[in-house]
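The values are calculated or read from the model by the stated rules, or taken from the named source; none is laboratory data. What you are looking at is a predicted structure, and each value in this text was computed from that prediction instead of being measured. All Cβ positions, glycine included, derive from the backbone under ideal geometry; neighbour counts span all protein chains shown. With ligands, DNA and RNA removed, areas are computed over all heavy atoms of the protein, side chains included. Shrake-Rupley method; radii C 1.70, N 1.55, O 1.52, S 1.80 Å.
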Amino acid sequence: MGTTHPTGADRVPTADAAGVTMPLVGFGTHPMRGDQATEAVLTAFSVGYRLVDTATRYRNEAAVGAALAATDLPRSDLFVTTKMPPDQVGRERLTLERSLTALGCDHIDLWLIHWPPGGHPGVTSWRAFVKARDEGLVRAIGVSNYSVELIDALHRETGVYPAVNQVQWGPGDYDPHFAGAMRERGVVLSAHSPLRSTDLDHPVLLDVARRHGRSPRDVVLAWNLHHKVAVTVKSAHRDRMERNLSAADLTLTPADVEAIDGLTTVTTGR
């Protein structure tokens with residue numbers, strides 16, 4: 001099954017992830033597996049998504065790989081993210097080789113440590129990640145669900161900051177100090193669950209959505225993009241994929257952004 005080359009990809013903003021251009025809107029594949037995952041990724045490509053997010057733990061890398069093999073889009077136009085589970089400390093290279101085989105790729109664009117191993121920085125794993133990057137097996141390396149303290153520990157031990165930190169992030173999770181700390185370190189903040197902790201029926205979101213003629217879901221995604229936060233969105237339905245991607249076209253006013261920032265429930269730093 002082939003896909004066409006839509007113009008939707010052109011409107012997606014990008015970020016500099018340690019020298020690698022990363023789309024700020026990506027397609028998440030969890031919890032889809034098998035043919036459902038393959039067809040969903042191919043549909044996402046046809047809609048205009050270019051970043052596809054998977055993980056060893058999702059058990060769908062082979063299904064994503066089938067989509068990568070089936071699309072007529074050149075590999076250089078696509079951005080593949082996968083993640084190593086924290087229980088694979090000491091088996092980093094084997095995990096990466098299995099991911100590359102399953103995905104049918106000779107490199108991964110972004111490889112993340114899925115969770116701090118045992119709540120620790122995972123310095124030995126990070127050194128293996130740096131080596132894989134330096135060998136060209138991955139283009140950028142990052143982490144998921146890391147605090148500022150843990151990120152600083154990786155840098156202190158290796159001299160390398162993660163290119164990306166993927167965390168749960170939405171209006172309810174908004175922490176300007178954490179976001180600022182990521183910017184200061186050159187770390188792209190990525191939201192793996194931009195809607196999970198958000199009350200889409202909140203009057204503020206409903207009011208902003210009404211004034212722009214859009215949905216609260218669109219507003220939340222656009223708010224993330226305003227803050228240069230990457231978003232990974234999930235759906236197996238083409239119409240929802242299209243609506244999610246269209247959030248890149250929505251420009252919020254400064255007043256909109258300030259009102260949405262005020263929805264945070266964060267009281268202590270990460």
Give segment 197-219 a look and list any residue that's of a type in the set (Asp, Glu), open to solvent by 50 Å² or more (accessible area, probe 1.4 Å) and closer than 16 Å to residue 169 by Cα, or say none. 199
Anything in segment 148-169 that is surrounded by 18 or more Cβ atoms within 10 Å (Cβ to Cβ) and in a loop (DSSP other than H, G, I, E, B)? List them, or say none. 161, 162, 163, 169
So, residue 54, is that one polar (S, T, N, Q) and either open to solvent by less than 10 Å² (accessible area, probe 1.4 Å) or in contact (Cβ under 8 Å) with a residue 24 or more places away in the chain (or both) or not? yes
Output the number of the condition that residue 145 fails; it satisfies all remaining conditions of (1) surrounded by fewer than 20 Cβ atoms within 10 Å (Cβ to Cβ); (2) within 24 Å of residue 75 (Cα to Cα); (3) of a type outside the set (Val, Ile, Thr). (2)
Take the conditions part of a strand (DSSP E or B) and closer than 27 Å to residue 225 by Cβ and apply them to residue 172. Does it pass? no
Would you say residue 92 is closer than 18 Å to residue 135 by Cα, surrounded by 21 or more Cβ atoms within 10 Å (Cβ to Cβ), in contact (Cβ under 8 Å) with a residue 40 or more places away in the chain and among the charged types (D, E, K, R)? yes
How about segment 1-109: which strands (runs of 3 or more DSSP E) wholly inside it have at least 3 residues that are of a type in the set (A, V, I, L, M, F, W, C) and at pLDDT 95 or above? 79-84
All but one of (1) crowded, with 19+ Cβ neighbours inside 10 Å; (2) within 20 Å of residue 144 (Cα to Cα) hold for residue 59; state the number of the condition that does not hold. (1)
Which of the residues belonging to segment 175-196 are open to solvent by less than 50 Å² (accessible area, probe 1.4 Å) and either modelled with pLDDT of 95 or more or in a helix (DSSP H, G or I) (or both)? 175, 178, 179, 180, 181, 182, 186, 187, 188, 189, 190, 191
With 199, 256 as the choices, which residue is modelled with pLDDT under 95 and over 19 Å from the mean Cα position of the chain (by Cα)? 199
Has segment 204-213 got at least one residue that is within 28 Å of residue 46 (Cβ to Cβ) and either assigned to a loop (DSSP other than H, G, I, E, B) or not aliphatic (A, V, I, L, M) (or both)? yes
Residue in segment 220-229 that is in a loop (DSSP other than H, G, I, E, B), on the phi < 0 side of the Ramachandran plot, surrounded by 19 or more Cβ atoms within 10 Å (Cβ to Cβ) and not acidic (Asp, Glu) present: yes
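For residue 111, are the conditions met, namely being under 21 Å from residue 30 (Cα atoms), of a type in the set (Phe, Trp, Tyr) and without any contact (Cβ under 8 Å) to a residue 40 or more places away in the chain?
Values: under 21 Å from residue 30 (Cα atoms): yes; of a type in the set (Phe, Trp, Tyr): yes; without any contact (Cβ under 8 Å) to a residue 40 or more places away in the chain: yes.
The answer is yes for residue 111.
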Among the residues of segment 230-255, which ones are in contact with a Pro (Cβ under 9 Å, 6 or more places away or on another chain) and open to solvent by less than 70 Å² (accessible area, probe 1.4 Å)? 230, 231, 232, 233, 248
Does residue 118 satisfy the condition of being in contact (Cβ under 8 Å) with a residue 24 or more places away in the chain, open to solvent by 30 Å² or more (accessible area, probe 1.4 Å) and either β-branched (Val, Ile, Thr) or not in a helix (DSSP H, G or I) (or both)? no
